[in-house]
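Q: This is the structure, below, for whatever I ask next.
The values are calculated or read from the model by the stated rules, or taken from the named source; none is laboratory data. Just so it is clear, the structure is predicted and the values come from calculations on it, not from any experiment. Reconstructed Cβ throughout: ideal geometry from the backbone, glycine too, with neighbour counts over all protein chains shown. Areas reflect the complete protein model, heavy atoms only, side chains present, ligands, DNA and RNA absent. Shrake-Rupley method; radii C 1.70, N 1.55, O 1.52, S 1.80 Å.
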Amino acid sequence: MPSILSGLYDLLQAVRGVNSTFLTDQHVPGTNLTDKWIIISGSNNGVGFEAAKSFASWSANLILACREPPAWEQHPTAAVNECKDLAAAHGHLSTIEWWQIDMADLSSVDAFCQRWLQCNRALHVLCNNAGIAESTMQTRITKDGFPLVHQVNFLSHVLLTLRLLPSLARSAEPRIICTTSCYHHLGVFDLDRVNGQLSWKGNDYQNNKLYFQMWVAEMQSRLLKHPEYFHITINGVHPGFVASGIWDGLEDAGKVPGGLSLLLRYVAITSQQGGLAVAHAATGLQFGPDPKKQGVGAENGRGGGRYINRIWEAPAKSYCNDPEARSRLWTKLGEELGLQEKGLLTVLGL
């Protein structure tokens, strides 16, 4: 009976993510981001692109971290041009560039980070937003040997974040935003190995969103233990059930699950609305009067490591509050990414 009740609770929390409340300037008023640097992955298309447009209109300097896209996606150069036009229309002289990164290739992530660190700039906001929706009927394996969804939606963002921590630490109120999902409530926690690979029971997308949200909570707990990083805030945000380009590849391949097309047409929100949720998390959620308090949404905010359903804090799945489960995940990530060999275990004093 407890497992049935738990399953029903998780289903209810997932359904809460289908929130079509229309966000306006009153919900997301924007802020002055002059001289601030923001890196946002997956920003040529969908939610990431809309968030980038908001940042551009608020005067931020932007790095659009994107791969060379498939034919059905907008090219990053077009995204850069539109963001530049928005910045100029609002009277800003912002630097906005496309830097190539392939989240399905860990060496590409390393190269991107090296390029940024060589610029010797403080990074103010990192938006870990890139993601794909992949059918579980045919799991593709990357050149690094991982299931594609696992690497693109999760592993590469972990590596990107750890590499860029020293740059984030240089800014006064740095924040990390991870695009998770309400579907993390439907994910299955299973770290057993099968033939050298992880056994991801259930749906790859849901499972990796769960791991991402668990990692957000664990990452924040570790940041707060180190004086050089305690001022960094990290949160997971569900931008909403969005009719974005993330589904286009599935539609072209004929892999869209039954009923999804109807939901996308009649229930889903627009990418613009989803982008506002990410922009709000990056600029409006994490600041209290004292950075040591890691304020979320109010002067007496309770800290980072949270799950934000669009612009409202919501309960995360129970595993996200389980230190033992999070520690096991952290250890597994160290093994998968070779963090000791990369010298990254010492980043958080481990």
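Q: Which of the numbered conditions does Leu162 fail, given that it passes all the others? Conditions: (1) at pLDDT 95 or above; (2) among the aliphatic types (A, V, I, L, M); (3) more than 15 Å from the chain's Cα centre (by Cα).
A: Tallying (1) at pLDDT 95 or above; (2) among the aliphatic types (A, V, I, L, M); (3) more than 15 Å from the chain's Cα centre (by Cα), Leu162 fails exactly one: (3).
Q: Which of (1) open to solvent by 20 Å² or more (accessible area, probe 1.4 Å); (2) of a type outside the set (Gly, Ala, Ser); (3) in contact with a Leu (Cβ under 7 Å, 6 or more places away or on another chain) is the odd one out, the single condition His124 does not satisfy?
A: (3)
Q: For the stretch 149-169, check the following and say yes or no: at least one residue is assigned to a loop (DSSP other than H, G, I, E, B), of a type outside the set (Ser, Thr, Tyr) and open to solvent by 30 Å² or more (accessible area, probe 1.4 Å). Even if it seems obvious, please write down each step before you answer.
A: From the stretch 149-169, those assigned to a loop (DSSP other than H, G, I, E, B) are none; that's our starting set.
No, every residue in the stretch 149-169 fails to be assigned to a loop (DSSP other than H, G, I, E, B), of a type outside the set (Ser, Thr, Tyr) and open to solvent by 30 Å² or more (accessible area, probe 1.4 Å).
Q: Can you say whether Leu62 is hydrophobic (A, V, I, L, M, F, W, C), surrounded by 17 or more Cβ atoms within 10 Å (Cβ to Cβ) and at pLDDT 95 or above, as far as the supplied structure shows? Explain how you work it out, then say what you get.
A: Details: hydrophobic (A, V, I, L, M, F, W, C): yes; surrounded by 17 or more Cβ atoms within 10 Å (Cβ to Cβ): yes; at pLDDT 95 or above: yes.
So Leu62 passes the test.
Table: residues versus (1) open to solvent by less than 30 Å² (accessible area, probe 1.4 Å); (2) within 21 Å of the chain's Cα centre (by Cα).
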position: Ser43; (1), (2): yes, yes
position: Ala51; (1), (2): yes, yes
position: Ser54; (1), (2): yes, yes
position: Trp72; (1), (2): no, no
position: Asn81; (1), (2): no, no
position: Ala87; (1), (2): yes, no
position: Phe112; (1), (2): yes, yes
position: Asn120; (1), (2): no, no
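Q: In the stretch 1-41, how many residues are open to solvent by less than 20 Å² (accessible area, probe 1.4 Å) and within 25 Å of Lys84 (Cβ to Cβ)?
A: Total meeting the criteria: 7.
Q: Still on this structure, I have one more. Quick test of your reading of the structure: Val80 fulfils all but one of (1) out of contact with any His (no Cβ under 9 Å at 6 or more places or on another chain); (2) more than 21 Å from Ala130 (Cβ to Cβ). Name the failing condition by number.
A: (2)
Rundown of residues vs (1) among the hydroxyl-bearing types (Ser, Thr, Tyr); (2) closer than 12 Å to Thr95 by Cα, yes/no style:
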{"site": "Arg16", "(1), (2)": "no, no"}
{"site": "Thr21", "(1), (2)": "yes, no"}
{"site": "His27", "(1), (2)": "no, no"}
{"site": "Gly30", "(1), (2)": "no, no"}
{"site": "Thr34", "(1), (2)": "yes, yes"}
{"site": "Ile40", "(1), (2)": "no, no"}
{"site": "Gly46", "(1), (2)": "no, no"}
{"site": "Ser54", "(1), (2)": "yes, no"}
{"site": "Leu62", "(1), (2)": "no, yes"}
